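Asks: Input: one structure, supplied below.
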Amino acid sequence: MAFRPVCVVIALAAGGVFGTAPVLAQQQAQPAAALYDVLQIDDMIAVLRDEGIADAAELAADFGPAGGSPGWDASVARIYDPAQMQALVKAGLDRAMAGKPDVTARAIDFFGSAPGKRALQLETDARRALMDKDTEAAATLRWQDMVARGDPRVALIRRFAEVNDLIESNVAGAMNSSLAFYQGLAGTGGPFADMTEADILDLARGKEGETRASTEEWLFPFLALAYQPLTDAELRAYTDYSATPAGQQLNAAMFAAFNGLFNSVSHDLGRAVGLEMAGQDI
């Protein structure tokens, strides 16, 4: 399965370069709904859905008839139903943010401001742009050139990734998604029916190095592309606040919510692949 980091950036910025906006949580009867809105979750899920459908086409070519069967296409549409994906993420975010009204208020405060909205929009736009292979290749070459010539922005981007634990958290999330995929696959019978939990764990662990490399190869060109319009001062402010307790808690909550989505989707895809290979109705 192809993998792209999901929760790339959930860092906050308060004061300083970014400035602040009124705390919208105090103006909302339903602060949870306000949090979804300011974090632009539905926009991110729309991109993830498009990525997933594209990846599913590659899965069909690898595991089943070229292009997939009508049953496969119906399963993919069901798995990547936007309303279902939104519900999974929002429920996960509710659980992770329970009892943290201050963190919620700080998130709404910043991401409801013009700079916060812009940062999230840059992330979503860059992620969608990288679905194009030529754009992804160009972004990779640009990042490699930045590293080769010692561009000062490289250190800022690497620090940003470190503070937000973007490598380790995404690698762990990808491996858990891989486990879920093979569990779904093995549960349908067929050639994978004899796989034990130990076999599945070994298979996932054996891909850790590959997963880590692919994460880094995608992540840093993405960050460089997404934050190209930000000034160094803006990126530093974003990074500095990411290291605060509020920023860390929101980041962890978003990883938990989106990893829950990916585990569910991966399990269902594994099951759909298994049934496709077995020639069953899915």
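Asks: Across the chain, how many lysine pairs, 8 or more apart or on two chains, come within less than 27 Å at their alpha-carbon atoms? The partial results should precede the final answer.
Replies: On the way: K90/K100; K90/K117; K100/K117; K117/K133; K133/K207.
Step by step, the pairs that qualify in the chain add up to 5.
Asks: Among M175, A272, T104, whose Cα sits farthest toward the positive end of the charge dipole of the chain (+1 at Cβ of Lys/Arg, -1 at Cβ of Asp/Glu, about the Cα centre)?
Replies: Working it through, the farthest residue towards the positive pole turns out to be T104.
Asks: Here's something else I'd like to know. Relative to the first principal axis of the alpha-carbon coordinates of the chain, what is the inclination of helix 41-63, with its axis defined by its Cα atoms, in degrees from 0 to 90 and to the nearest 10?
Replies: The angle comes out at about 30 degrees.
Asks: So, one more: In debye, nearest 20, what is the charge dipole magnitude of the chain about its Cα centre with +1 on Lys and Arg Cβ and -1 on Asp and Glu Cβ, if you could check?
Replies: I would put it at about 800 debye.
Asks: What percent do you get for the relative contact order of the chain when only Cα pairs under 8 Å and 6+ apart count?
Replies: 38 percent
Asks: Could I ask something else about it? Quick one: helix 197-206 against the long Cα principal axis of the chain, what's the angle to the nearest 10°, folded into 0 to 90?
Replies: Rounded to the nearest ten degrees, it is 50.
Asks: Could you tell me how far the Cα centroid of region 200-255 sits from the Cα centroid of region 156-189, in Å?
Replies: Region 156-189 and region 200-255 have Cα centres separated by 11 Å.
Asks: Karplus couplings for region 234-249 from phi (6.51 cos²θ - 1.76 cosθ + 1.60, θ = phi - 60°), rounded to Hz, Gly and Pro as x?
Replies: Going residue by residue, I get 5, 5, 5, 4, 4, 5, 4, 6, 4, 7, 6, x, 5, x, 5, 5 Hz, with x marking Gly and Pro.
Asks: May I pose another question? Hey, what do the phi angles of region 69-82 turn into as Karplus ³J(HN,Hα) couplings, whole Hz, using 6.51/-1.76/1.60 and θ = phi - 60°, x for Gly and Pro?
Replies: The phi angles translate into 8, x, x, 5, 4, 5, 5, 4, 4, 5, 5, 9, 5, x Hz.
Asks: To continue, here is another question. Obtain the nm distance between the two label points defined at T196 and E217 by a simple spin-label model: each point lies 7 Å from its Cα along the Cα-to-C-beta direction.
Replies: Roughly 3.3 nm, to one decimal.
Asks: So, one more: Starting from the Cα of D132, move 7 Å in the Cα-to-Cβ direction to define the label point; list residues of region 200-234 whose amide nitrogen is under 16 Å from there.
Replies: 222, 225-226
Asks: Still on this structure, please answer the following. Gain in length, A46 to A243, computed as 0.36 nm per residue apart minus the alpha-carbon separation, to one decimal in nm?
Replies: Gain on stretching A46 to A243: 68.1 nm.
Asks: Amide H to amide H, which residues 5 or more places from M131 or on other chains are under 5 Å from it, using H placed in the peptide plane?
Replies: Answer set, sorted by chain and number: none.
Asks: If you don't mind, another one. At 7 Å along the Cα-to-beta-carbon direction for both D102 and E168, put a label point, then send me their distance in nm to one decimal.
Replies: Taking the two extended label points, one gets 2.4 nm.
Asks: Let me know the volume per residue of the alpha-carbon convex hull for the chain, in Å³.
Replies: 125 Å³
Asks: Under the 0.36 nm per residue contour assumption, what length would be gained going from the current alpha-carbon distance of R95 and D151 to full extension?
Replies: 16.1 nm
Asks: Let me ask something additional. How high is the relative contact order of region 147-282? Use alpha-carbon pairs under 8 Å, at least six apart in sequence, and give a whole percent.
Replies: On the way: 108 pairs, mean separation 62.4, N = 136.
In percent, rounded to a whole number, it is 46.
Asks: Using only Cα atoms, find the angle between the long axis of helix 166-186 and the longest principal axis of the chain, and express it within 0 to 90 degrees, rounded to the nearest 10.
Replies: 20 degrees
Asks: Charges on Cβ only, +1 for Lys and Arg, -1 for Asp and Glu, centred on the Cα centroid of the chain; of G92, A57, Y241, which one is farthest towards the dipole's positive end?
Replies: My answer, from the dipole projection, is Y241.
Asks: Can you work out ³J(HN,Hα) from phi for every residue in region 89-106, in order, using Karplus 6.51 cos²θ - 1.76 cosθ + 1.60 and θ = phi - 60°, giving whole Hz and x for Gly and Pro?
Replies: Computed from phi, the couplings for region 89-106 are 5, 5, 5, x, 5, 4, 5, 6, 9, 4, x, 10, x, 5, 5, 4, 5, 5 Hz.
All of the numbers you see were taken from the coordinates with simple rules; none came from a lab. Please read these numbers as outputs of a predicted model, since none were measured by experiment. Neighbour counts run over all protein chains shown; Cβ positions are idealised from the backbone, glycine included.
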